[in-house]
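Written out below as structure tokens is the structure these notes cover.
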């Protein structure tokens, strides 16, 4: 009788030990998978931030190149519009003709600096991080800084492009009676662009400072 009870206890302990081992193995596997997922996510985030850092610096370089051109054109157009012979210079010409004929005085290269257009500013690295679902692995402050920068970049550029299209693809620039008014509008376009670019440069600096390990 004792032997049977003893064997039953041994068997029960073995069963419990096996069950505990199975549970431990499952928990260890779950933990290992979770650790691997988090490790992979951290590696992705590190790659994301490295790419975003490069992207921000490239955008900064573009802005730093185009901003002085726009600031100069604001002043150049201002001086041109104050000329006593302005009416004589633009008489019988539409805005485009007036700008073309006074290109040397205005130092005109178009609305955008040569080789620089709004589409040159990139957000590919940011969109990749969003598409990968990596934002939850970043700090809330960093996510906010990145979101603020790229939202401002997109909204500012879209607004500028829309405004330029509306103004300069419409009839007024071709109306010879509106030439001076349109030249002032063009100066205002440069002013708005310069404001956006200056603000975006400052925002890029703040965003870079928010990225861990930024150099």
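Ordered by the number of other Cβ atoms lying within 10 Å of each residue's own Cβ, fewest first, 31, 137 fall into the sequence 31, 137.
Figure legend: label point modelled 7 angstrom from the Cα of residue 42 along Cα→Cβ; residues of segment 183-215 with amide N under 18 Å from it are 212-214. Cβ-to-Cβ counts within 10 Å put 176, 44 in ascending order as 176, 44, the fewest first. Return, ordered by residue number, the residues of segment 179-215 whose backbone nitrogen is under 20 Å from a label point located 7 Å along Cα→Cβ of residue 87. Only 179-185 pass the distance filter. Arranged from fewest to most other beta-carbon atoms within 10 Å of their beta carbon, 70, 159 become 159, 70.
What distance in nm lies between label points placed 7 Å from Cα along the C-beta direction at residue 22 and residue 174? Output for this residue pair reads 8.2 nm. Note on residue 30 and residue 96: their simple-model spin labels are 6.9 nm apart, each label 7 Å out from Cα toward Cβ. Applying 1/(1 + (r/R0)^6) with R0 = 30 Å to the Cβ-Cβ distance of residue 202 and residue 50 gives a FRET efficiency near 0.85.
No value in this document is a laboratory result; all are computed from the given coordinates. Remember, it's a predicted structure, so these values are computed and weren't measured experimentally. Note that each Cβ is placed from the backbone with ideal geometry, even for glycine, and that neighbours are counted across all protein chains shown.
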